[in-house]
Amino acid sequence: MEANEDIDLIVNHPKKAINKLAIPIIISNLFMILNNIIDGVWVAGLGAGPLAAIGFVTPLFLTLVGFANGLGAGSNSLIARHIGAEKYESAGNSAIHSIMLSIIVTIITTILILIILKPLLYQMGAGEVITDASNYGYIIMAGSYSLFLPAMLSAIFRSQGKIKYASYPLMYTAIINMILDPIFIYILNLGITGAAIATVIAATIPLFQMIYWMFIKRDVFLKIKMKDYKRDLNIYKDILVVGVPASLEQFVLSFVSILMNYWLTLLSGTIAVASYTATWRLLSVGFAPLIGIGVASLTVAGAAYGAKNYENMKIAENYGIKVGLISSVAICLLCFVFAEPLSHIFAYSANSVVLSQRITEAIQILCFFLLLMPFGIIAGNLFQSMGKGTIALFFTILRALLLEIIFAGLFGFIFGLKDIGIYAGLVCGMALGSVVSYFYLNYYLKKHRDYFD
């Protein structure tokens with residue numbers, strides 16, 4: 001098997017590869033984020049209560065998304081390293097193992113989360129909106145197959161440079177959901193339950209297209225055929241060594257979000273949770289470029305690590321951070337200047353107009369969360385690309401579970417700044433944690449320089 005143009009680009013032209021890989025991911029992520037914003041806008045029309053209900057379910061949903069993407073990162077890293085080392089048969093066998101693993105995990109996770117969902121929502125402080133939260137949550141969690149399988153198939157496509165196949169289905173999911181939301185929420189009068197149904201249906205339809213590309217059309221570098229499967233438990237181990245820590249990273253982030261919701265409820269009530277939920281949906285626009293650049297850097301760095309190419313590793317790091325910083329600074333500035341008009345996106349109805357000032361204040365503080373994020377995201381993705389998922393997890397724990405919580409608690413409770421203090425604490429924790437992880441990445445690469453020689 002000889003390398004095609006996509007593989008050659010990843011291995012030999014890192015900057016061009018990052019651009020080519022990142023742009024479709026960014027576009028598809030923007031569609032998904034736009035979808036989340038519009039989804040929240042439709043639900044906000046029902047009132048602050050339903051919007052807060054989504055806010056309580058969202059961290060749990062993001063935990064599943066993170067778990068799915070984490071397993072995908074493990075697969076992406078392993079396959080990219082095999083491709084960089086020109087071990088194409090091992091790359092194909094790893095892809096088959098990845099798909100089987102995602103199916104097993106989907107079944108186990110779905111059953112577990114459905115059992116514990118309602119008691120968990122109560123513990124999170126969702127008692128005032130438990131009916132809406134559970135109605136929305138049960139449907140979303142039952143559709144977790146539409147998260148795990150697309151995430152794994154996308155990772156396999158990305159690892160071999162077939163980025164359009166990895167990204168377009170996410171765009172289709174967003175477009176379909178934007179069409180279905182008003183139909184299910186208002187025309188069919190299903191309210192927040194209709195929003196959940198629309199989300200699951202919208203994510204299911206593009207999944208069939210991905211299955212067609214992977215198993216029927218097969219116009220990709222790695223031809224996935226089950227008859228070529230050679231069971232190797234070490235492959236599962238290699239995927240999980242990166243995938244589990246990467247998944248736990250999202251669990252940590254979701255735990256922090258759950259804790260912040262609970263603290264905001266204690267300090268300022270349910271309306272603060274609704275404002276926080278709306279603000280994060282708006283600011284998630286700024287996450288899209290950083291995620292796309294990070295995932296692209298992971299693929300390029302994985303191939304560089306497999307090929308023992310130190311120069312390309314450094315290019316993946318420095319170029320990724322440079323492009324990420326340009327994006328984060330621009331978006332932070334726009335969000336700060338236009339915070340008030342942006343707040344009206346979620347405060348357009350009589351039921352939700354009370355949120356406007358609270359959302360404006362939240363945007364003008366939390367937009368700074370984006371500024372130094374590129375350092376942390378690129379560092380984490382490069383550690384994953386080298387199969388060092390536990391190091392990436394450590395710095396996520398340091399940043400989110402320790403620094404963000406400490407600063408948020410300090411400003412919110414000790415200094416008495418309430419919800420404003422929570423927001424400021426999150427910003428400080430992200431900034432400090434990202435810088436520390438960046439410096440350690442450079443120390444690590446220098447310390448292991450002999451691996452590349």
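Here are a few things to note about the model shown:
- Screening ILE175, ILE179, ILE197, ILE185 for residues that are crowded, with 24+ Cβ neighbours inside 10 Å and over 29 Å from ALA91 (Cβ atoms) leaves exactly one candidate, ILE185.
- Within region 7-31, considering residues that are surrounded by 18 or more Cβ atoms within 10 Å (Cβ to Cβ) and more than 15 Å from ALA301 (Cα to Cα), the one farthest from the chain's Cα centre (by Cα): PRO24
- Qualifying residue in region 381-401 (condition: over 24 Å from GLU249 (Cα atoms), assigned to a helix (DSSP H, G or I) and either acidic (Asp, Glu) or under 23 Å from the mean Cα position of the chain (by Cα) (or both)): no
- With respect to (1) more than 23 Å from LEU393 (Cα to Cα); (2) in a helix (DSSP H, G or I); (3) out of contact with any Pro (no Cβ under 8 Å at 6 or more places or on another chain), the lone exception for ASP132 is condition (3).
- Sub-7 Å Cβ pairs linking a first residue in region 166-181 that is in a helix (DSSP H, G or I) to a second residue that is of a type in the set (Asp, Glu), at least 6 apart or interchain, are ASN177/ASP39; ASP181/ASP39, ordered by first then second residue.
- Any hit, region 205-219, residues being part of a loop (DSSP other than H, G, I, E, B), buried (at least 16 other Cβ atoms within 10 Å of the Cβ) and in contact (Cβ under 8 Å) with a residue 12 or more places away in the chain: no
- Number of the condition not met by ILE54 [criteria: (1) surrounded by fewer than 24 Cβ atoms within 10 Å (Cβ to Cβ); (2) modelled with pLDDT under 85]: (1)
- Just one residue in the set ALA296, ALA274 is over 30 Å from ARG449 (Cα atoms), part of a helix (DSSP H, G or I) and in contact with a helix residue (DSSP H, G or I) (Cβ under 7 Å, 6 or more places away or on another chain); that residue is ALA274.
- Inside region 402-434, residues that are in contact with a helix residue (DSSP H, G or I) (Cβ under 6 Å, 6 or more places away or on another chain) and in a helix (DSSP H, G or I) make up a count of 21.
- Being modelled with pLDDT of 90 or more, assigned to a helix (DSSP H, G or I) and among the aromatic types (Phe, Trp, Tyr) is a property that PHE287 lacks.
- Selection count, region 363-384, where residues are in contact with a Phe, Trp or Tyr (Cβ under 6 Å, 6 or more places away or on another chain) and either farther than 21 Å from ILE271 by Cβ or small (Gly, Ala, Ser) (or both): 2
- LYS230 vs. criteria at pLDDT below 85, out of contact with any strand residue (DSSP E or B) (no Cβ under 6 Å at 6 or more places or on another chain) and over 30 Å from ALA52 (Cα atoms): yes
- From the options ALA166, ALA142, ALA155, residue that is surrounded by fewer than 20 Cβ atoms within 10 Å (Cβ to Cβ) and in contact with a Ser or Thr (Cβ under 7 Å, 6 or more places away or on another chain): ALA142
- Of all residues in region 273-284 being of a type in the set (A, V, I, L, M) and at pLDDT below 85, the one that is surrounded by the fewest Cβ atoms within 10 Å (Cβ to Cβ): LEU282
- Members of region 403-423 found to be farther than 13 Å from LEU264 by Cβ and surrounded by fewer than 21 Cβ atoms within 10 Å (Cβ to Cβ), listed by number: ILE405, ILE406, LEU410, ILE414, PHE415, GLY416
- Scanning region 313-327 for residues that are of a type outside the set (A, V, I, L, M, F, W, C) and farther than 9 Å from ALA301 by Cβ yields LYS314, ASN318, TYR319, LYS322, GLY324, SER327.
- When region 161-176 is limited to residues that are of a type in the set (Gly, Ala, Ser) and within 18 Å of the chain's Cα centre (by Cα), the one that is farthest from ASN35 (Cα to Cα) turns out to be ALA166.
- Contacts under 6 angstrom Cβ, first residue in region 352-363 being closer than 11 Å to ALA339 by Cα, partner assigned to a helix (DSSP H, G or I) and modelled with pLDDT of 90 or more, 6 or more apart: THR360/ALA339; ALA362/TYR423; ILE363/CYS335; ILE363/ALA339
- Annotation: of all residues in region 228-260 being of a type in the set (Ser, Thr, Tyr) and over 15 Å from GLY66 (Cα atoms), the one that is surrounded by the most Cβ atoms within 10 Å (Cβ to Cβ) is TYR236.
- Qualifying position, being in a helix (DSSP H, G or I) and either farther than 29 Å from VAL242 by Cβ or in contact with a His (Cβ under 6 Å, 6 or more places away or on another chain) (or both), among ILE54, ILE79, ILE140, ILE103: ILE54
- Residue identified as touching a residue at least 12 places away in the same chain (Cβ under 8 Å) and aromatic (Phe, Trp, Tyr) among PHE394, PHE383, PHE439: PHE383
The values are calculated or read from the model by the stated rules, or taken from the named source; none is laboratory data. Keep in mind that this is a model prediction, so the values were computed, not measured. Quick reminder, even Gly has a Cβ in these numbers, built from the backbone with ideal geometry, and neighbours come from all protein chains shown.
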